[in-house]
Amino acid sequence: MNMKGAFAHERRPLFRMPVHPAWLLAIFAGGAIGTALRAIISALYPHTPAQFPWATFAINTAGSLILGALLEYLSVSGPDQGWRRFVRLGVGTGVLGGFTTYSSFAVEAISAVADGAARIGVVYALASPVVGVAAALAGLTVARSIFQATEQHRNNQ
């Protein structure tokens, strides 16, 4: 064996994109859409720190429900490739990532406590993650049931 062969290695580019550029575009476009939707809903339903932030609570709950359903449907319908990966990244990471907002939730909970509405802040801080997880599980369960019913119907034909 010659020395050249022992130390030969594959030439690699200095920088390699960790994901396909189309996926980044899908995430970016989806994030812009989700953020715009959240901003519109929040502007339509404003609140003061002394009021329960129903808009953000509903946004985060709906986002959890939809994300649970989406990810379950995609996982039971096939491998995370092709259109499934594109939808997961564009809609799941992009749209729903931009739509839901942990930062607003945290600021609203802390602001409620700081402005003398401690009960609202604490209830909001405790209820949001519990309801969010329950919504995600509900979405997952519904999506799985729909997929199984659809598959059963296809198999019976």
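The values are calculated or read from the model by the stated rules, or taken from the named source; none is laboratory data. Model, not experiment: these values are computed from the prediction. A quick note on method: Cβ atoms are made from the backbone with ideal geometry, for glycine too, and the neighbour counts reach across all protein chains shown.
Residues considered: N2, N60. Of these, the only one that is among the polar types (S, T, N, Q) and modelled with pLDDT under 95 is N2. Looking only at residues in region 38-56 that are buried (at least 18 other Cβ atoms within 10 Å of the Cβ) and touching a Phe, Trp or Tyr at 6+ places or on another chain (Cβ under 7 Å), the one that is farthest from F28 (Cα to Cα) is P53.
Listed here are the residues, each with its yes/no results for (1) in contact (Cβ under 8 Å) with a residue 12 or more places away in the chain; (2) under 30 Å from Q152 (Cα atoms); (3) in contact with a Lys or Arg (Cβ under 6 Å, 6 or more places away or on another chain); (4) surrounded by fewer than 13 Cβ atoms within 10 Å (Cβ to Cβ).
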position: R88; (1), (2), (3), (4): yes, yes, no, no
position: V91; (1), (2), (3), (4): yes, yes, no, no
position: A109; (1), (2), (3), (4): yes, no, no, no
position: A112; (1), (2), (3), (4): yes, no, no, no
position: L126; (1), (2), (3), (4): no, no, no, yes
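With the checklist (1) closer than 24 Å to G30 by Cα; (2) of a type in the set (S, T, N, Q); (3) buried (at least 16 other Cβ atoms within 10 Å of the Cβ) in hand, flag the one item S77 doesn't pass. So the condition that S77 fails would be (3).
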